Every structure is written in C-alpha cells, then in structure tokens.
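Enquirer: Here's a structure for you.
The values are calculated or read from the model by the stated rules, or taken from the named source; none is laboratory data. Predicted model only: the values in this text are computed from it and were never measured. Glycine gets a Cβ as well: all are built from the backbone with ideal geometry, and neighbour counts include every protein chain shown. Accessible surface is based on the protein model in full, side chains and every heavy atom, while ligands, DNA and RNA are left aside. Shrake-Rupley method; radii C 1.70, N 1.55, O 1.52, S 1.80 Å.
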Amino acid sequence: MKVLLVYAHPEPRSLTGSLRDVARETLQAEGHEVVVSDLYADGWKAEVDRADFPPLTPDARLKVPAASGEAFTAGALTADVVAEQEKLLWADALILLFPLWWFSMPAILKGWVDRVYAYGFGYGVGEHNDTRWGDRYGEGMLAGKRAMLVVTAGGWADHYSDRGINGPINDLLFPINHGILHYPGYDVLPPFVVYQADRVDEAGFEAVAEDLRERMRTLATTRPLPYRRQNGGDYLIPSMRLCDGLGAPGATGFALHLDGAERGRAADTAGD
Ligand code: FAD
C-alpha cells in the first residue's frame, strides 16, 4: 500500500512524534511506501484567505466555496495545496497523527483540512440536486481508500468511556472520523488512542509502540467503522434524515449513523 502520514506536533521528539516514527518504520518494514507531511516542520499555512485563490481579482468579494471551486476547476490552487491533494490521491491510506487539544485536532491540522479539501475535491463533489445530495459519506474523491487517527490524550480512558465526563471518545472524534474522513469517501478504521499520554514512561511507551505496530501491520485488513453510506438507501433525500425503523431502538445522535448490524463486528476490531 501507499500510505500518507499527516503529522501535527510542534516538537519532533514528542510522544506523538515517536509514534509517527513507529508507524513509519513498521509500515516500511511491511513493504508499504510511506510519505510524511510534517505540518509544523513544513511551516504549513493554516488559515484560509484570499491568497489561496489566485484567480480572485482584488476588488472581488471573497466567497470561499465559490472561489475554491473556481480555482480548483481552473487548476489554479496554490502549490502547497495541490501537493497535498496529489499525496491524498496517491495514497491508499491516510493516517492523521496529533495530540488531542481541546477535544479536537491542533489548529494547524484543521487548517490543513480547510485548505486541502477544496470545493470540487473534498466537498461539492458529484451531482447535487433535490434528488441526489452529491457524492459524500462513503463516496467522493477519496472513496475506496482507508483512513485512521493516531491520537494522544492527556485524559484517562475512563474519562472518555461511555459514561465518562469528557464524553465517549468515538463521539468526540465523530466530527473528524465521519465529518472529515468519511465525508470525502474514506473507509474509516477505529482510532488508535493513547490515554494519559503525559504520563507515558519508557515501559509505557514500549507497550503503546507495540500496540501501534500491530495496528500498522493490520492496516489493510482491519474492519472499518460501520458508518452508513449516504446513497445506500438508509437516508431520505433531500432531508438526509435516517429512514424510520433504522437504528437501534432509542438511539439518538451520532450512534444512529453506525449500521447496527455491522457495529458488533467493528467493536471487536477496535484497538485503542
Ligand atoms: P509529550 O509531552 O511529548 O510526551 C508525553 C510523555 O511521553 C513524556 O513523559 C515523554 O517523556 C514520553 N515520551 C515521549 N516520547 C517517548 C519515547 N520515545 N520513549 C519513551 N517515552 C516517551 N488532553 C485531553 O485529554 N483532552 C484535551 O482536550 C486536551 N487539550 C489540550 C490542549 C492543549 C493546548 C494542550 C497543550 C494539551 C491538551 N491536552 C488535552 C493534553 C494533550 O493531549 C497531551 O499533552 C498530549 O497528547 C501529549 O502528547 P505529546 O506528544 O505532546 O507528549
């Protein structure tokens, strides 16, 4: 496989950086091709602004989706964005590695998504009308590829469990796993999460590293999270509401978008 690691930590010697090295070395030892985007080291520009859309005239009002779509269609996006899009199209699998900061990804990584997922590439793909809501959630530019998160978190596993005060980790990561990865088509693997990351010592690191090696060895075979496909018949169009009768009795919120029949099997493969 061809694998793209997108790494977002300001310190190369961090725990997250060590996990990036473990992931890269294991994947290469397995015969995979690996490319790393190191956002801090590369000085990635995180904010979207008019400089991102060279065709825009100085007096034109900036409407980001329109400007993004026009620049994408014209092949006029900036070179840094185009390079990342090419890496995404090249890779069979994408792995995002980051510390959990305020229950989400660091701003530099969010800015990578904001800029690289241009209109026509990450969103605004496919026919979009009253009867078909585009190619998204399992379809899109990145369909057929795999993606997963490698996340370090200061909190305890219990704090992120079903009744934990921080909220369940799969709920917190839903906007990334479902909204950023499944949306443009990825099959999303269960996340690899290191809890109490600030307290990891040498022995703890070796245990974590071995678990991550196993996840890297099984990257091609791990069963994805069973997110429903938008155009698979589970949702009404154009309301995009889940059809009555689907979902576990009493289920609400994010859990509705997991296919219950598949959920048990996916839980068996969760490796965090
Ligand atoms: P580091 O600080 O680099 O290292 C952590 C430990 O691992 C250290 O003891 C280090 O010595 C050890 N280590 C690193 N590499 C190795 C190695 N190769 N071998 C052996 N030991 C090693 N946490 C939450 O749970 N939820 C939040 O919402 C949240 N928000 C945050 C917001 C901000 C702005 C910040 C700064 C932190 C936040 N945290 C939060 C905590 C954060 O998630 C952790 O600090 C972070 O995940 C730790 O990962 P790191 O890579 O920065 O670790």
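Enquirer: If ALA255 satisfies every condition in (1) part of a helix (DSSP H, G or I); (2) touching a residue at least 60 places away in the same chain (Cβ under 8 Å); (3) away from the ligand (no atom under 16 Å from the Cβ) but one, which is the exception?
Expert: (2)
Enquirer: Residue check, PRO168 against (1) closer than 20 Å to VAL3 by Cα; (2) away from the ligand (no atom under 12 Å from the Cβ), all met but one. Which one?
Expert: Condition not satisfied by PRO168: (1).
Enquirer: A follow-up question, please. Of the residues that make up segment 41-49, is at least one assigned to a loop (DSSP other than H, G, I, E, B), over 26 Å from VAL188 (Cβ atoms), among the β-branched types (Val, Ile, Thr) and in contact with a helix residue (DSSP H, G or I) (Cβ under 9 Å, 6 or more places away or on another chain)?
Expert: Taking every residue of segment 41-49 in turn, none turns out to be assigned to a loop (DSSP other than H, G, I, E, B), over 26 Å from VAL188 (Cβ atoms), among the β-branched types (Val, Ile, Thr) and in contact with a helix residue (DSSP H, G or I) (Cβ under 9 Å, 6 or more places away or on another chain).
Enquirer: Since TYR227 meets every condition but one in (1) open to solvent by less than 70 Å² (accessible area, probe 1.4 Å); (2) in contact (Cβ under 8 Å) with a residue 60 or more places away in the chain; (3) over 25 Å from GLU127 (Cβ atoms), which condition does it not meet?
Expert: (3)
Enquirer: To continue, here is another question. Mind checking which residues of segment 186-210 are touching a residue at least 24 places away in the same chain (Cβ under 8 Å) and within 14 Å of the ligand (Cβ to nearest atom)?
Expert: PRO191, PHE192, VAL193, VAL194, TYR195, GLN196, ALA197, ASP198, VAL200, PHE205, VAL208, ALA209
Enquirer: Taking segment 75-126, which residues are in a strand (DSSP E or B) and in contact with a Ser or Thr (Cβ under 7 Å, 6 or more places away or on another chain)?
Expert: LEU97, PHE98, PRO99, TYR119
Enquirer: Within the bounds of segment 203-212, is there any residue that is closer than 23 Å to LEU88 by Cα, open to solvent by less than 50 Å² (accessible area, probe 1.4 Å) and not small (Gly, Ala, Ser)?
Expert: yes
Enquirer: In segment 133-151, is there at least one residue being open to solvent by 40 Å² or more (accessible area, probe 1.4 Å) and modelled with pLDDT under 95?
Expert: Scanning segment 133-151 turns up at least one residue that is open to solvent by 40 Å² or more (accessible area, probe 1.4 Å) and modelled with pLDDT under 95.
Enquirer: Which residues, counting only those in segment 158-182, are open to solvent by 50 Å² or more (accessible area, probe 1.4 Å), part of a loop (DSSP other than H, G, I, E, B) and either out of contact with any helix residue (DSSP H, G or I) (no Cβ under 7 Å at 6 or more places or on another chain) or charged (D, E, K, R) (or both)?
Expert: Of everything in segment 158-182, those that are open to solvent by 50 Å² or more (accessible area, probe 1.4 Å), part of a loop (DSSP other than H, G, I, E, B) and either out of contact with any helix residue (DSSP H, G or I) (no Cβ under 7 Å at 6 or more places or on another chain) or charged (D, E, K, R) (or both) turn out to be ASP162, ARG163.
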